[in-house]
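The values are calculated or read from the model by the stated rules, or taken from the named source; none is laboratory data. This structure is a prediction, so every number in the text was calculated from the model and none was measured. Don't worry about glycine lacking a Cβ; one is built from the backbone with ideal geometry, like all the others, and counts go over all protein chains shown. Ligands, DNA and RNA are stripped out before the accessible areas are found, and what is left, the full protein with its side chains, is counted by its heavy atoms. Shrake-Rupley method; radii C 1.70, N 1.55, O 1.52, S 1.80 Å.
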Amino acid sequence: MRVLLHVLFEHAAGYALFAVKEVEDIGMLLPQVEQSVLNLGKFSSVIKLSAFFPFKSAQGALENINAVSEGVVHADLKLFLETNLPSGGKKKAVLGVSDAKIGATLQEELNLSIQTGGVVAEIIRGVRLHFHSLVKGLTSQAASKAQLGLGHSYSRAKVKFNVNRVDNMIIQSIALLDQLDKDINTFSMRVREWYGYHFPELMKIVNDNSTYCKLAKMIGNRKELTEEMLEAIEEITMDSGKAQAILDSSRSSMGMDISPIDLINIESFSSRVVSLTSYRQELQAYLQSKMSQVAPNLAALIGEVVGARLISHAGSLTNLAKYPASTVQILGAEKALFRALKTRGNTPKYGLIFHSTFIGRAAAKNKGRISRYLANKCTIASRIDCFSEVPTSVFGDKLRDQVEERLAFYETGEAPRKNLDVMKEAVIQASEVAAEIKRKLEKKEKKKKKREKRKLEALSTAEGDDEEPKKANGEAEVRVSNTSSVVFSTSSMTILEAGPSPPPTIDRPNSFFFSISYMVLMVSSVLQENGDGLKKKKKKKQAAEEEPEDEDVLTNGVDEATPAKKKKKRKIDAVEAEPEEADVTRAEKNKKNKKKKKKKAEDE
């Protein structure tokens, strides 16, 4: 049995290599192969699993699928094919691949004969249908889970870009801007027709749609328009002559009368139109800011709106950068191009770039030349914007100057500067600007780091302050535990004699250990006071023993040093004398009060 065809199948679980039996017979009977694909028994008789290489991790599977989608041969795939494909023999083995792009790279790197389409496509379709049955140990549930996980990771990797460099916002905003222009134009014409029944002369005086809607909202009934409202009309129109003409025409208008309900509806609708115009201005400012971030060089060269339309029509900035200058030149004029190719007429000279100011300023005979030159510069600017790390508008300004010089050359014949000299200047300036931007970014990062350090230091200091009272409490508890043996060895009489001192405050009232330590501290404080009382008694005894020695020390009937005991006695006598005097004064007062009461009773 000869096996000359092998089929490579890429699955989320790994690479699989299948050997196809009787290739020549199968190639002759393609309809029978299509019928046998749905039947597993018939299909398993046609092919056989030759080798299977499972992916070790989700990251490895993502790397391999990215390489396959880009048409690059991964190292795992190369090793798998080199080890499992048969080598030698008269005829080389043919490898069937679903994608022609990966097949071309395999043919270049491994020198293999590749086959795509036909029988290979039908066999791969059957392998995809019965893969979990052809590989041992792989269930349909596990295969579906692997496909789901790899699909999510692949999509996330494709969507994940720099937030500030995403061009999807530009595409959506330019589409909304074009839609708003159409809607505002339609709504303002509706306001003109509606309010024109009442004040038809206003349409001829005011041409701008937003101004007309503002005036319709402000004036209302034309019969109520007075000279006092002239200043408000002048603020809206920004022209005193128009304001006076509106006032004069309102007095002699040919319009019909209008009811208050109709006026209310017209005013509400005109206010909606005014709000839409203000939002359109805000959206245009947003588009300008996004273009300065995403494609600053293209915006500086051709303008924000035209550059955004080019990006939107191409699909993304990357696609626009891949386009050649000839494609950018006619981008937006595809219908005219294919019509010209069909009728063999003249092809269009410009597409969306016609809206730039350069083509409008050029003469009729030079419009094609300047559009070709402008498209060339647009491709350069889009590629710089797409692949530069630091976005700057230096190259866009230089390219714009080159287009201006080319316009002057067509008109006056003055020779423009060479492209090489201009690009050298632009590179020097761009490097300086990029260095400044990097410095600013580094400064911002340093400031952020300093702020984070300060926050961390503040948190650490706060934690240290919280830990200090805890440490103090711990030290007090240790001291109490050291003195506990002394506390419980003392007699209860000494504790009763001395009064309890106020206990120290501790921050942990809910712990069981706190209650024990609190009792021990109370007892230790009482013991300290008892110890102080014993020390005082000892001092009194020493002073009593020293008294006779002090009485003998006399010189000429005068004491040189008074003993401590006498001083204490004097103090005690003075303290005892004070309450006796107080008792005497009270008795006298009582006697006087009694005498006064007796006199009053006698007088009565």
*Calculate one ³J(HN,Hα) per residue across region 268-284 by plugging θ = phi - 60° into the Karplus curve 6.51 cos²θ - 1.76 cosθ + 1.60, and present them in order as whole Hz with x for glycine and proline.*
5, 5, 5, 5, 5, 5, 5, 5, 5, 5, 5, 5, 4, 5, 5, 5, 5
*Please turn the phi angles of region 138-144 into ³J(HN,Hα) values with the Karplus equation 6.51 cos²θ - 1.76 cosθ + 1.60 (θ = phi - 60°), one per residue in order, whole Hz, x for glycine and proline.*
10, 8, 5, 5, 5, 5, 5
_Candidates per chymotrypsin sites (Phe, Trp or Tyr not before Pro) in region 99-178, loop by DSSP, up to 16 other Cβ within 10 Å_ = F161
_Over the Cα atoms, compute the radius of gyration (one decimal) and Dmax (the largest Cα-Cα distance, rounded to a whole number) for region 295-436, in Å._
15.6, 55
_List the residues, sorted by chain then number, that are 5 or more residues from Q115 or on another chain and whose placed amide H is less than 5 Å from its amide H._
L95, G96, V97
*Put a dot 7 Å past each Cα toward the Cβ at A58 and V390; how far apart are the dots in nm?*
3.7
_Coil-residue trypsin sites (Lys or Arg not before Pro) of region 266-351, DSSP, other Cβ within 10 Å capped at 11_ = R344
*Nitroxide proxy distance, nm - points 7 Å out along Cα→Cβ at E442 and S289*: 2.9
*How much of the accessible area of region 5-159, probe 1.4 Å, is carbon plus sulfur, in whole percent?*
55
*Just read off the accessible area of K594 with the full protein assembly in place, 1.4 Å probe, to the nearest 10 Å².*
140
*With a point put 7 Å past each Cα toward its Cβ, work out how far T318 is from S240 in nm, to one decimal.*
6.1
_At 1.4 Å probe size, what's the solvent-accessible area of S326? Round to the nearest 10 Å²._
80
*Quick one: which residues, 5+ away or cross-chain, put their amide H under 5 Å from the amide H of G14? H built at 1.01 Å from N.*
F55
_Run through region 351-448 and list the GluC sites (Glu not before Pro) located in a DSSP loop whose Cβ has at most 11 other Cβ atoms within 10 Å._
E389, E414
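At 1.4 Å probe radius, can you tell me the per residue accessible area of region 168-283 in Å²?
58
Using the structure shown, list the pairs from K377/K446; K158/K453; K101/K349; K342/K398; K377/K438; K56/K438 with a Cα-Cα distance above 30 Å, or answer none. Provide the component values of the computation, followed by the final result.
Details: K377/K446 39 Å; K158/K453 36 Å; K101/K349 34 Å; K342/K398 39 Å; K377/K438 27 Å; K56/K438 40 Å.
K377/K446; K158/K453; K101/K349; K342/K398; K56/K438, as the Cα separations exceed 30 Å there.
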_In region 274-314, whose amide N lies under 15 Å from the spot 7 Å out along Cα-to-Cβ of Q429? List them in ranges._
296-302
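Expressed as a whole percentage, what fraction of the accessible surface of region 295-436 belongs to carbon and sulfur atoms when a 1.4 Å probe is rolled over the protein heavy atoms?
53
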*Accessible surface, per residue, of region 322-420 when the full set of protein chains is kept, probe 1.4 Å, Å²*: 59
*Would you kindly calculate the translational diffusion coefficient of region 5-159, applying Stokes-Einstein with the Kirkwood radius from alpha carbon pairs, for 10 °C and a viscosity of 1.306 mPa s, and quote it in µm² s⁻¹ without decimals?*
98
*Per 10 Å bin from zero, what fraction in whole % of the C-alpha pairs of region 120-198 is there, up to the bin with the longest pair?*
13, 19, 17, 14, 16, 11, 7, 3, 0
*Could you please state how large a percent of the accessible area of region 168-283 is carbon and sulfur, counting protein chains only and using a 1.4 Å probe?*
53
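Over the alpha-carbon set of region 168-283, divide Rg by the Kirkwood Rh and report the Rg/Rh ratio to two decimals.
Ratio of gyration radius to Kirkwood radius for region 168-283: 1.03.
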